[in-house]
Amino acid sequence: TRSPAINWSEIQKPLTTLELIASTGTYAPEAVVNTSGFTTSGGGGKAGWKQNGVTGQTVSQSPAQLVDGLLNDGNGNQWALVSSVIYLEQFGVVLDNATDNNLALAAAIAFQQHNYKKLNSGAGYCKFSAPFEVFSSTHIDGAAISRSKSTTGNVNDDGLVFKYTGAATATPLIYCNLDGSQSYVHALKLTNFRLDCGGSQNGMELQGLNEYCLVRYVDVGNYTHGGIKCIEHDSAAGRFVNNQCAFKNLKLVPDSRAAKTSYGMFLREMHRGELSQITVDAQASSSTHSINYGFQFGEGCYGNVSTALYAENCDNGFLLGESGAGNDTVKNNTFIGCNTECPQYEPADTTIGSYTGTISIGIFAGVKWYSFINYECSKAFGSSPFSYDYLIVDAHQDRIIERSSVSSASDRVTFITASENKYGRDIWLTDAFSVDNSSQIADFENSLTANSAYPSASGSLCWKTANSTATTITGFGDGQDGQKMELRIRDANTSIDSDNTANGDSILLFGGTDLSSININSTFIFRKRGTSWIELSRMLR
């Protein structure tokens, strides 16, 4: 038997994919053609295409027209993409900041859905004019980008940039499961690209993002309402939540032209997730711009670990809970090395976006089981109509606060309000925690009020005496239950009286024995329990 005739003149030089689509050459069954590019040779989109045995199709159809990794040649024979490494450009995506890539993007994502191969990309602007959907196991990985360049909402031309150029819309530009059609979403990965929202309202929204999903090295810029939202999806099939998902190395910068945006990141029903190295920057250089809050953990967020979250130039840095929601389900969250530097801002009303404004920066009401480690809140929000810069209420269960500080230019700081202690557990303030109504802690030790028998212990955990006349200390005012305090004697005039309740709080020394004229550089450590400062240790010189 003889093989079908081959038009050698047509395959002596490498074909582009567009030339293969137009080709009327005859090829052997199961033939594979390796194209030299999609539009032009070497221009991106090199691919292997194999005749799949399907004939009689509409002639000369591109992957964008067939919405998959398929093409039809000029004879109506169908070819399937068989490359081992898959690129967006192989489906006709052109990164020239001019071509509208809506159909080509849909084809690439549809192909990925039944082949589970990562969708890679070269560098450049991928223009699109309609929001697009990603699915379970979708994996888009752009070219490596220069993180140092992502300083404003105007994304840069290095790496892959998805640039929206359609009409402004409230629909998120990249979304997953908004209609609830995916009852189980897993292993979604979006990495190494920027999203330029072009002044549209919302960047990315993921609903019912169930398990092991990852968003990493992604910047979202030029949005006017919200950067990234990851929430549950309610449907008749059940409440699809977010389990063990991760958001890492992100920068979210709203459009500087907007008068007010709502949030940087908003999370709800997120369980055992991980957030790390994320910055929300509201662009303080724009006099007309402000942002309601940087990060909000809404109803049902528990067991999440957040490391190095930064809210910059926002009205509010962090919110735990939602107005009118079950805030008691926001629990067991840990914040390590998080920081917010937010200028004071007095809104015209108390309803910014859809939020009622009853909870402000650092006001965590009804939140259970969480810890703050290396947490810093400075230049906090404290203007009317809000009451506090920083407040924790309903302290029913364990709190652990380590190496953290709170400072403000206002006088509204109230860090702990322990309304009750139902379970006999304590609020532990450990190491160098402080509350300071005027400035951040600058010195390792602060001086107690000189010559006072009952000096204040508010604002620091490390104190030294500075008495110029003979002074007997009977207690320390303004302490917080559970507070640990280090005291160093720095003068020759200080005595300590044990079990003296003259001023309310008393000091309980070892053995109940008073100490007179204590030597300089002697050091004590006390823990406050109720109305007593209990001596834990001493070093007498």
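The values are calculated or read from the model by the stated rules, or taken from the named source; none is laboratory data. Here the structure is a predicted model, which means the values were calculated and not measured. Counting neighbours? That spans all protein chains shown, and the Cβs are built from the backbone with ideal geometry, glycine included. For accessibility, only protein heavy atoms count, side chains too; no ligands or nucleic acids. Shrake-Rupley method; radii C 1.70, N 1.55, O 1.52, S 1.80 Å.
Checking PHE247 against (1) part of a strand (DSSP E or B); (2) crowded, with 23+ Cβ neighbours inside 10 Å; (3) at pLDDT below 90, only one condition comes out false. Which one?
Unmet condition: (3).
Just to be sure I understand, how many residues within segment 456-500 are over 14 Å from LYS528 (Cβ atoms), of a type in the set (Gly, Ala, Ser) and in a loop (DSSP other than H, G, I, E, B)?
First, pick out the residues of segment 456-500 that are over 14 Å from LYS528 (Cβ atoms): 459, 462, 464-474, 488-500.
Subsequent filtering for residues that are of a type in the set (Gly, Ala, Ser) retains 459, 466, 468, 470, 492, 495, 498.
Retained after the next criterion (residues that are in a loop (DSSP other than H, G, I, E, B)): 459, 466, 468, 470, 492, 498.
Counting residues in segment 456-500 that are over 14 Å from LYS528 (Cβ atoms), of a type in the set (Gly, Ala, Ser) and in a loop (DSSP other than H, G, I, E, B) gives 6.
Do you know which residues across segment 77-104 are open to solvent by 30 Å² or more (accessible area, probe 1.4 Å) and part of a loop (DSSP other than H, G, I, E, B)?
Scanning segment 77-104 gives ASN77, VAL82, SER84, VAL85, VAL94, LEU95, ASN97, ALA98, THR99, ASP100.
Could you tell me whether any residue of segment 499-510 is at positive phi and either hydroxyl-bearing (Ser, Thr, Tyr) or open to solvent by 10 Å² or more (accessible area, probe 1.4 Å) (or both)?
Yes, because at least one residue in segment 499-510 is at positive phi and either hydroxyl-bearing (Ser, Thr, Tyr) or open to solvent by 10 Å² or more (accessible area, probe 1.4 Å) (or both).
Within segment 467-477, is there a residue that is more than 16 Å from SER447 (Cβ to Cβ), among the aromatic types (Phe, Trp, Tyr) and touching a residue at least 24 places away in the same chain (Cβ under 8 Å)?
Within segment 467-477, none of the residues are more than 16 Å from SER447 (Cβ to Cβ), among the aromatic types (Phe, Trp, Tyr) and touching a residue at least 24 places away in the same chain (Cβ under 8 Å).
In segment 175-240, which strands (runs of 3 or more DSSP E) lie fully inside it and hold 2 or more residues that are crowded, with 23+ Cβ neighbours inside 10 Å?
Qualifying strands (runs of 3 or more DSSP E): 189-196, 202-207, 214-223, 226-231.
Every residue in segment 504-520 that is among the hydroxyl-bearing types (Ser, Thr, Tyr) and under 18 Å from SER537 (Cβ atoms), please.
Hit for segment 504-520 is THR513, nothing else.
Considering segment 144-174 alone, what residues qualify as being surrounded by 17 or more Cβ atoms within 10 Å (Cβ to Cβ) and at pLDDT 85 or above?
Result: GLY159, LEU160, VAL161, PHE162, LYS163, TYR164, PRO172, LEU173, ILE174.
Give the residues of segment 304-352 that are hydroxyl-bearing (Ser, Thr, Tyr), assigned to a strand (DSSP E or B) and either at pLDDT below 70 or closer than 24 Å to VAL253 by Cα (or both), sorted by residue number.
Answer for segment 304-352, where residues must be hydroxyl-bearing (Ser, Thr, Tyr), assigned to a strand (DSSP E or B) and either at pLDDT below 70 or closer than 24 Å to VAL253 by Cα (or both): SER306, THR307, TYR310, THR340.
Criterion first (surrounded by 18 or more Cβ atoms within 10 Å (Cβ to Cβ) and at pLDDT 90 or above) does GLY294 satisfy it?
When the stated conditions are applied, GLY294 does not pass them.
Criterion first (crowded, with 23+ Cβ neighbours inside 10 Å and at pLDDT 95 or above) does GLY69 satisfy it?
yes
Name the pairs whose Cβ atoms lie under 9 Å apart, with the first residue in segment 304-326 and within 27 Å of TYR212 (Cβ to Cβ) and of a type in the set (Val, Ile, Thr), the second at pLDDT 80 or above and not in a loop (DSSP other than H, G, I, E, B), and 6 or more positions between them or separate chains?
VAL305/GLU274; VAL305/LEU275; VAL305/SER276; THR307/GLU274; THR307/LEU275; THR307/SER276; THR307/GLN277
Quick one: would you say SER60 is at pLDDT below 95 and among the polar types (S, T, N, Q)? Steps first, answer last, please.
On the way: at pLDDT below 95: no; among the polar types (S, T, N, Q): yes.
So SER60 does not fit the description; no.
Name the residues in segment 450-471 that are of a type in the set (Phe, Trp, Tyr) and at pLDDT 95 or above, would you? So that I can check it myself, show each step before the final result.
Step one: filter segment 450-471 for residues of a type in the set (Phe, Trp, Tyr), giving 454, 463.
If the condition is that a residue be of a type in the set (Phe, Trp, Tyr) and at pLDDT 95 or above, then TYR454 is the only one that fits.
Only one of GLY74, GLY122 is assigned to a loop (DSSP other than H, G, I, E, B), small (Gly, Ala, Ser) and modelled with pLDDT under 95; which?
GLY122
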